[in-house]
Amino acid sequence: MTLGRIIFNNARQRPLSTLLTSLSVSVGVALIIVILSIRQTAWQRFSLGYSGFDLVVGAKGSPLQLVLNAMFNLDASPGNIPWSLYEKLAKDPRVKLATPFAVGDSYEGFRIVATTDAYLSQFEPRLNQPYELENGRIFRFSEKAVKEAMREAAERGKLGESGKKNHDHNEEHHHAEQEACEAVIGATVAQETGLKVGSTFVATHGVRESDDAAKHEHSPWTVVGALKPTGTPADRTIYINLDSFYHIEGHVIEESKPLEGGEQNPKTKDKVALTVGQISALGLKLKAPFARFALRKQINETEVAQAAFPTEEIRKLMSIVGNVDRILLAQAVLIVFVAAIGTSLALFNSMNDRRRDIAVMRALGARRKTIFAIVVGEAMLISMMGMAMGLGLGHGTVALASPFVEAAAPGFSLDAWTFQVFEIFVFAGVLIVGILAGLGPGVLAYRANVARGLTPT
Amino acid sequence: MAFVEIQNLRMEYRQPDGKPLTILNIPEFRMEPSEQLAMRGPSGSGKTTLLNIISGILLPSAGSVRFDGKDLTQLNEADRDIFRGQRIGFVFQTSNLLQGFTAIENVILGSLFAGDPNEEPSSVRARAHALLEKTGLAERSHHRPRTLSAGEQQRVAIARALMNKPRLILADEPTGSLDEKNGQEALALIQNLAAASSAAVLIVTHDPAVMAEFPKVVNLKELNQRL
C-alpha cells in the first residue's frame, strides 16, 4: 500500500463530495478547453488559408471583408474590380503571379470560385505543400477564352431581354463546342455531395442555398478533378475555370459596362452580380515580398481598388476576437478557482470527520508532513479528476459544436480530438490550483491534536 | 536499566484562569521487557494521558521518559513519531479502524508509516495476512470495517498493533466497547500474541475482570501524587 492508495481511499470514502467538487473543476476546465481549441483552430485555419499570397486586391471597402471573402470564402464580396487591373498587375515586374477570382455562385452550399489553373498549380494552401489531385486533372484555362467569354457576355448584355432566348440557345451551343465548363472540387465537397470526376452539376446563383435561388440550368459544369484534403477552406470549395463563369447568363448586367470600366456593382446581401469585364478579387504573389508596401500604396491610390495584406488583416481580426476570448478565458479560469475554493471548503468540512483517522495515523507513526501530504494529495486528486472530466467534456463539446460552427463558417472546422500543446499548461495550472486548494485543509490536518483526536467521543 | 522508566514526571495543563492544573505527578514508574501490566484508576485519573506520554504523543511538563534506553523527551516530534511507529503498538477502546480501508489495508497501514522501507510489498502483505490469520479473520481480510462486528473490528485493530513487531503494546480500555465474550477473546489475543513476540503489555482499565487476567496491577491513584 502507498500514500496514493490512502489518498484514493479517502476520496472514495466521500463519493458525492468528491464527484461534485471534481465536476465543478471540470466545468471550468471544459470551458478553457473549448475556448482555447476554438482559438487554436482559428489561428491554424486562418494562418493556413493565406499561405502563398502577399497581397489581395479587391473593391474599395473593408480590407478584412475582402480578405475573408477572397481567401476564406467567408462573408460577401465587397464588390468588383476591372479585369484591366488584373492585366495591368499581371504584367507588373514586381508581380510573380497574379490570380483573378470571381465569386458569387454555389452548389449545395459549397461556394464556387472561378479562377485560373495557375492558382491550383502554383499557390500553396499550406506552406511548401501545393494542391495535390486525388484524381483527374486541373481544368483547362486560357486568357483568350476568358476574353471571348467576356465579349459574348457583353453582347448578351446588349441584347437584353429580347434577345435572351436566342442567346440561350447560342450559349448552349457554345458550351457544347468548347467544353469550357470544367470544375475541380475540394475533398469535403466530394465527400458531402457525392460529386466525382465525370459528374456534372448546376450551380445556384448566390452563396446560400435557398429554394428560390436562380439556378444556372443552361450552364452545367463537369468535374474534371478532385483535390486531396488540405485542411483549409479549399476543401469546401469548387474551383471552376474563369471563362466558364462569364458564360453564365446571370453574370451579365442588362446594361453592359465598358471592359475597362471601374464601376462597382451595389452589394446585395450575398449575391454579387458581376459586371462584364470585372472580377471579384486578385491574389498576388510578389517576386520580392518587401515590394508589397509600395504596391499596396499604389493600388490604394487608385479609385477602383484596394490592396490588403492577408496577414495583417487576419492579425487584426484575431486581435478583436482575442479580446473577446480573453474575457471568456478569464471567466473560465475564474470558474476553476471558484471550484478550487469549493474543493478546499469540502475538505475543510470533512476535517472533523477525519480527526480520528488523522490521530490514528499519527499514533501509527505517520509524521505531520505525511498527513499534510495526504490531504493536499486528495485536493490534487480531485483537481485531476476534474481535469480528466473537463478534457472529455471540453473536447466532446467541441466535437458537438463543430458541425454548427462549420455550417456558420464554411471551411472553419474544429479539430475536436487532437491533443493541443496548451493542454499541458492547463494540466499544470489545474494541478497548481489543486495544490493551493489543499493547503488550508492540509495545514489544519498538520496541526491536528493527536491526543484529542484519539479521545473517544 | 528498566525497559520503560519514568522519573519525576509531571503533566500540567493551563486552566482558563491561567493557573496550572496538575494531571500527573509520578516520581517513578518502571516496566520490564515482556512484562504484562494492568493499570487501574478511575475516570479522569490521567490513565490515557500517561499512555500518550509513554508513546511520545504528548511531552510531559517535566521529568524524563526512558524507553529502551532512549529519553523520549529529548527527541524531536518527527523522531518520536518514527520511534512510536516502530516500537509501540496501540489498541484503543474502539477499534479506530479507517473506514475507507479493508481489514488487511488497516493492518498494513502501520508498516506504511514506520515499517522497513526495504521490505517487499508482497512480504508486508503476507505478514499482515498471517496476523489476520492469527486473529481468525483471514477469510475476511478484504472486508471493510462496517461489515465486521465490533469484536472482529477490535481483532483487526490488535493485528494492526502487532504489524511492526512492537516492543510494547499500549491498550486503552480495549474491552470497553465489547461484550464479555468478545472482550475476553480480545484480551486473550493481546496477551498471547504479545507473549509470542516478546512484547510488553501495558493495559489501562477499570474492569476487574480484565485486571484479574494480569499478574501485576498498578493503581494509578497510588502512583500519581497530585499536588
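The values are calculated or read from the model by the stated rules, or taken from the named source; none is laboratory data. Not measured: the values here are computed from a predicted model. Positions of Cβ are generated from backbone atoms using ideal geometry, with glycine treated the same way; all protein chains shown enter the neighbour counts. Just the protein is used for accessible areas: all its heavy atoms, side chains included, with ligands, DNA and RNA removed. Shrake-Rupley method; radii C 1.70, N 1.55, O 1.52, S 1.80 Å.
Observations, loosely collected:
- The modelled label-to-label distance between A:Lys144 and B:Glu77, using points 7 Å beyond Cα along the C-beta direction, is 9.7 nm.
- With R₀ fixed at 51 Å, the C-beta to C-beta distance from A:Lys297 to A:Phe427 puts the FRET efficiency at about 0.60.
- Rolling a 1.4 angstrom probe over region B:76-227 with all protein chains present gives an accessible area of which 48% lies on carbon and sulfur atoms.
- Buried area at the B-A interface (accessible, heavy atoms, 1.4 Å probe, summed, Å²): 2300 Å²
- Long pairs among A:Lys60/A:Lys96; B:Lys19/B:Lys221; A:Lys60/A:Lys88; B:Lys19/B:Lys70, criterion Cα-Cα beyond 27 Å: B:Lys19/B:Lys70
- In this structure region B:4-223 gives 42 Å² per residue of accessible area when probed at 1.4 Å with all protein chains present.
- Modelled FRET efficiency - R0 35 Å, A:Phe404 with A:Leu345, Cβ distances, 0.05 increments: 0.45
- Fraction of antiparallel bridges per DSSP, the protein assembly as shown only, in percent to nearest 5: 65 percent
- Probe 1.4 Å, all protein chains present, accessible-area order of A:Trp417, A:Trp43, A:Trp83, largest first: A:Trp417, A:Trp43, A:Trp83
- Proximal charge balance of A:Lys285 [Cβ under 9 Å; K/R count +1, D/E count -1]: +1
- Shielding of peptide A:355-363 by partners, expressed as the average count of other chain Cβ atoms within 10 Å per residue Cβ, is 6.
- Summed residue charge, Cβ within 13 Å of B:Glu5's Cβ, Lys/Arg positive, Asp/Glu negative: -2
- Among B:Glu28, B:Glu119, B:Glu213: highest mean-square fluctuation, GNM of chain B, C-alpha pairs under 10 Å: B:Glu119
- Using a Gaussian network model of chain B in which every pair of alpha carbons under 10 angstrom is joined by a spring, one finds that among B:Lys19, B:Lys47, B:Lys70 the greatest mean-square fluctuation is at B:Lys19.
- Highest average packing first - A:123-131, B:101-109, Cβ atoms within 10 Å: B:101-109, A:123-131
- Net charge, A:Leu68 excluded, C-beta distance under 9 Å - Lys, Arg +1, Asp, Glu -1: -2
- Inter-centroid distance (Cα atoms) of region B:190-227 relative to region A:1-78, Å: 69 Å
- Highest mean packing first, where packing is the average number of other Cβ atoms within 10 Å per residue, the peptides A:106-118, A:88-100 line up as A:106-118, A:88-100.
- Within 10 Å of each Cβ in A:378-384, the average number of Cβ atoms from other chains: 0
- Bins of 10 Å from zero: percent of alpha-carbon pairs in region B:4-223: 8, 33, 35, 19, 4, 0
- Chain-alone versus full-assembly comparison, region A:434-457, residues with accessible loss of at least 10 Å² (1.4 Å probe): A:Val450, A:Ala451, A:Leu454, A:Pro456
- Computed E for B:Ala138/A:Phe337 - FRET, C-beta separation, R0 45 angstrom, nearest 0.05: 0.40
- Packing-based ranking, highest mean first, of B:88-99, B:188-199, A:350-361 given that Cβ atoms within 10 Å are counted: B:88-99, A:350-361, B:188-199
- Helix-only CD estimate at 222 nm, as mean residue ellipticity for the protein assembly as shown, using -39500 (n - 2.57) per DSSP H run (n ≥ 4): -16000 deg cm²/dmol
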